[in-house]
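First comes the structure, then the notes that go with it.
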Amino acid sequence: MKYFLHLWQIFKELPEAPKPFWWDLVIGFRAMSSAELRRFPGHACGQFFTTLKCECRSYLPWLQRRFRGAGGRVQRRQVGSLQELGGDFDLLVNCSGLGSRALLGDLQVEPVRGQVLQVEAPWLQHFIRDGDGKTYIYPGVRSVTIGGTRQAGDWRLEEDQSDTEGIVERCRRLEPSLSGAKVLGCWVGLRPGRRNPRVEKELLQLGGRWVPVVHNYGHGGWGVTLAWGTAVDAVELVRQSLQETPPRCKL
């Protein structure tokens, strides 16, 4: 589910800052040695550190089990607007991600298409990421993820063969041993892109009454990274909303 992984982040040109703002939040951050950089011809510098990797296909079901265990209930239904829910609930928390574009009319949120491949390469133990943010190699429990794409405004969910070929070519250039890796499959998804994640509360008139709504969406490709932090903020907004909302008359 979660485990530690060593990471090489490499750059073709010197970055503007010698250290990213998060350098002291990871373990053992340092500049890569010249010996390490020789593995990556054409790159001027690099950074090494150890961090956590999350396997979402295991992590998300685990979170749902925790939610159910705490008394939460899961209901699957299609919702066309918040008006459909206003009469049923005293408070809403909106975590609809990309769906907020249609649900709320928030045109600031847009799809950022991502395509990756799963390959069989158990000999790879290091996470490798090019500074361009589009080429990366993530060792996992069952396979290695190589990618990728970051295509804003693109709603396509089917595999793009030219993207597949580009991913394979770039990642093999970065890590030549991938030439012997078997491709297991392709995965396409849409990140809920937004200039800034929306974590705030508002009062909306739903079903003839005012209902507090706490929004928590628009995390782009950093949803797992930001999830616990923005969840803490959203819970605090829920508490504030409950304190401010007068009790409903049951007569």
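Coupling constants for the range 78-93 follow from the phi torsions by the Karplus curve (6.51 cos²θ - 1.76 cosθ + 1.60, θ = phi - 60°), and in residue order they are 8, 10, x, 7, 5, 4, 5, 9, x, x, 9, 9, 8, 8, 10, 10 Hz; glycine and proline get x. Mean residue ellipticity at 222 nm, helices only, the chain: -7000 deg cm²/dmol; runs of at least 4 DSSP H residues each add -39,500 (n - 2.57), and the sum is divided by the number of residues.
For an R0 of 35 angstrom, estimate the FRET efficiency from the Cβ-Cβ distance between Arg57 and Leu242 and round to the nearest 0.05.
Numbers: r = 34 Å, r/R0 = 0.97.
Between Arg57 and Leu242 the formula returns 0.55.
Rounded to the nearest 20, the Cβ-based charge dipole of the range 1-74 about its Cα centre (Lys and Arg +1, Asp and Glu -1) stands at 560 debye.
Remark: the chain carries a charge dipole of roughly 660 debye about the Cα centre, counting +1 on each Lys and Arg Cβ and -1 on each Asp and Glu Cβ.
For the range 1-74, the orientation-averaged shadow of the C-alpha convex hull comes to 7.2 nm² (one quarter of the hull surface). Over the range 22-165, what portion of Cα pair distances is larger than 25 Å, expressed as a whole percent? For the range 22-165, the fraction of Cα-Cα distances above 25 Å is 53 percent.
Projecting the Cα atoms of Ser96, Tyr136, Gln118 onto the charge dipole of the range 78-221 (Cβ charges, centred on the Cα centre) puts Tyr136 farthest toward the positive pole. Taking semi-axes √(5λ) of the Cα gyration tensor in Å straight from the coordinates, which label in (i) 32, 21, 17; (ii) 41, 20, 17; (iii) 57, 20, 14 is the correct one? The listed entry that was calculated here is (ii).
Ranking Arg77, Arg150, Arg194 by Cβ neighbours within 10 Å, fewest first, what do you get?
Details: Arg77 6, Arg150 17, Arg194 20.
Neighbour counts put them in this order, fewest first: Arg77, Arg150, Arg194.
Can you list the chymotrypsin sites (Phe, Trp or Tyr not before Pro) in the range 173-237 that are in a DSSP coil and have 14 or fewer other beta carbons within 10 angstrom? Kindly include the intermediate steps, with their values, before the conclusion.
Values: sites: Trp187, Trp210, Tyr217, Trp222, Trp228; in loops: none.
Of the chymotrypsin sites (Phe, Trp or Tyr not before Pro), not one in the loops of the range 173-237 has a Cβ with at most 14 other Cβ atoms within 10 Å.
Modelled spin-label separation between Arg156 and Glu16, with each label point placed 7 Å from Cα along the Cα-to-Cβ direction: 3.1 nm.
If R₀ is 25 angstrom, what is the calculated FRET efficiency for the pair Arg77 and Ala231, using the beta carbon separation as r and rounding to 0.05?
On the way: r = 23 Å, r/R0 = 0.91.
Step by step, r from the Cβ atoms, then E = 0.65.
How high is the relative contact order of the range 1-74, given as a whole-number percent (alpha carbon pairs under 8 Å, six or more residues apart)?
RCO, the range 1-74: 44 percent.
Ordering Cys54, Val26, Ile10 by the projection of their Cα atoms onto the charge dipole of the range 1-74, which places +1 on the Cβ of Lys and Arg and -1 on the Cβ of Asp and Glu, puts Cys54 at the extreme positive end. For the range 104-121, the residues whose backbone nitrogen is under 20 Å from a point 7 Å from the Cα of Lys134, taken along Cα to Cβ, are 110-118.
Relative contact order, whole percent, for the chain stands at 20, derived from Cα pairs under 8 Å and 6 or more residues apart. Of the residues Trp155, Asn196, Phe127, the one whose Cα sits farthest towards the positive end of the charge dipole of the range 119-197 is Asn196 (charges of +1 on Lys and Arg Cβ, -1 on Asp and Glu Cβ, taken about the Cα centre).
Ranking Leu124, Leu117 by Cβ neighbours within 10 Å, fewest first, what do you get? Don't skip to the answer; put the middle values down first.
Numbers: Leu124 18, Leu117 23.
Ordered by Cβ neighbours within 10 Å, fewest first: Leu124, Leu117.
Across q = 0.16 Å⁻¹, the range 61-111 modelled as identical point scatterers on its alpha-carbon atoms has Debye log10 I(q)/I(0) values of -0.62, in the order of the q list.
A short reminder: the numbers here are calculations on the coordinates, not readings from a lab. Since we're looking at a predicted model, the values are computed, not measured. With ideal geometry, Cβ positions are generated from the backbone for all residues, glycine too; neighbour counts draw on all protein chains shown.
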